[in-house]
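The values are calculated or read from the model by the stated rules, or taken from the named source; none is laboratory data. Because the structure is a prediction, the values reported are computed rather than measured. Cβ sites come from the backbone with ideal geometry, for glycine too, and all protein chains shown count toward neighbours. Heavy atoms of the whole protein, side chains included, go into the accessibility calculation; ligands, DNA and RNA do not. Shrake-Rupley method; radii C 1.70, N 1.55, O 1.52, S 1.80 Å.
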There are 2 protein chains.
Amino acid sequence: MKKFAVVLAGCGVYDGAEIHEATLSLYAIMKYGATYEIFAPDIQQFHVVNHITGEEMPETRNVLVESARIARGKIQPLSAFKESDFDALLFPGGFGVAKNLCNFAFEGANAGILPEVKDAIVSMNEAGKPIGALCISPALLALTLDDVDITIGSDSGTIEALEKLGAHHIETTHGEVVHDKNSNVFTTPCYMLDANILEIAAGAENIVKSMLDSLE
Amino acid sequence: MKKFAVVLAGCGVYDGAEIHEATLSLYAIMKYGATYEIFAPDIQQFHVVNHITGEEMPETRNVLVESARIARGKIQPLSAFKESDFDALLFPGGFGVAKNLCNFAFEGANAGILPEVKDAIVSMNEAGKPIGALCISPALLALTLDDVDITIGSDSGTIEALEKLGAHHIETTHGEVVHDKNSNVFTTPCYMLDANILEIAAGAENIVKSMLDSLE
């Protein structure tokens, strides 16, 4: 049975992992006969956002502890991730990816990336294993790998920043998956488009199925 | 198009709404051609639980604000719920249901229920509209309606408390739905059993489909 490592960035679209993308990714992995373990970095969130008002809240929360809400407690610190234990690596989206796993949300093409996130991507990439990224998570691939073909949908400002990082962007719509065969990375736009939950499920299922097909 | 009101109890299995059940319920509603609006009470959570350690955290969080993480901000206070706007009412599970919407987790057969939750159930029930409840949420129905047939799976302590409330419990396993035709309520056990995410999806899809079939 093929095993995915799924990396979360908190719990909630505006400061963490996008909950529908994360949940429907886990569902897709099991639906197509694979299994998963869940990881997140043991760091403070960049900030906490009230998801009704969009305003910052005067709180601090931990990315690993909040991600555990999606994982129902079955989660490990990303520092414990070992490439040899997994067949594939998957990053659901959410602003937390661009605020906690890297700072692309604030710095765009000048962004830095958390070393343990970069290490996970580099180790899987050097082993030739598939890496998938939903929504804004392809920014992690653009920050780590050279000349990578990715999609985040069609948002021109984001595309410009990603291309400054040396990535090649391919416009897509709901549920479409871009596979860069050279780097063996898979990307799909999900909520980077104005999507509903059926379209998120389609994106998650298509990317997981494409990654599993590549492993056959 | 049929419209569901979905009531959440926070964000996270141990102190709020169970995230997989909530997300997969929303997905099932759209998959079967219906639509939804999301509600939660504007109250403080009973407590905040670290989902890795299971320990209480020295924080306060609001049920409506945290539920908005699952709803991506599109949520209304439960006090704004009007029976006439909806065809069906659905409660995903999670300990938050038994800690925030009522106090069944602590008081069992002596539990009280939040008045606005009771009002929503009573108004839909008096209108003859279907009410669905996943996981531990059938406790809300046992606390509100008389002589109701429900299932929470097979946990004997929980069953005993529900029967003391006057409910009649029917044992079920993964994905099974109990329909009390008299009260027009639908229940399914989900994570009240030791389930995986595929089984949660099956439970959510089966209960939503059963509710929609009853509306035809």
The residue that is surrounded by the most Cβ atoms within 10 Å (Cβ to Cβ), considering only those in the range B:55-71 that are within 12 Å of chain A (Cβ to nearest Cβ) and in a strand (DSSP E or B), is B:Asn62
Looking only at the range A:72-99, which residues are open to solvent by 10 Å² or more (accessible area, probe 1.4 Å) and not in a loop (DSSP other than H, G, I, E, B)? A:Gln76, A:Pro77, A:Ser79, A:Ala80, A:Glu83, A:Ser84, A:Asp85, A:Phe95, A:Lys99
Any residue at all in the range A:191-206 that's closer than 18 Å to B:Tyr27 by Cα, away from chain B (no Cβ under 13 Å) and touching a strand residue (DSSP E or B) at 6+ places or on another chain (Cβ under 7 Å)? yes
So B:Asp180, is it open to solvent by 20 Å² or more (accessible area, probe 1.4 Å) and either in contact with a Phe, Trp or Tyr (Cβ under 9 Å, 6 or more places away or on another chain) or at pLDDT 95 or above (or both): no
Return the residue satisfying two criteria in turn: it lies in the range B:16-43 and is assigned to a loop (DSSP other than H, G, I, E, B) and farther than 21 Å from B:Ser79 by Cα, and of such residues it is nearest to the other protein chains (Cβ to nearest Cβ). B:Glu18
When (1) at the interface with another protein chain (Cβ under 9 Å from one of its Cβ atoms); (2) among the acidic types (Asp, Glu); (3) in contact with a helix residue (DSSP H, G or I) (Cβ under 7 Å, 6 or more places away or on another chain) are applied to A:Glu116, the one that fails is (1)
Could you please give the count of residues in the range B:100-124 that are outside any helix (DSSP H, G or I) and either among the β-branched types (Val, Ile, Thr) or touching a Gly at 6+ places or on another chain (Cβ under 7 Å) (or both)? 3
Would you confirm, using the coordinates I've provided, whether B:Lys31 is open to solvent by 10 Å² or more (accessible area, probe 1.4 Å), of a type outside the set (Asp, Glu) and touching a helix residue (DSSP H, G or I) at 6+ places or on another chain (Cβ under 7 Å)? yes
Pairs needed: first member in the range B:193-210, more than 19 Å from B:Phe95 (Cβ to Cβ); second member anywhere, β-branched (Val, Ile, Thr); C-beta distance under 6 Å; at least 6 residues apart or different chains. B:Asn206/B:Val177; B:Ile207/B:Val177; B:Ile207/B:Thr188; B:Val208/B:Ile29; B:Ser210/B:Val177
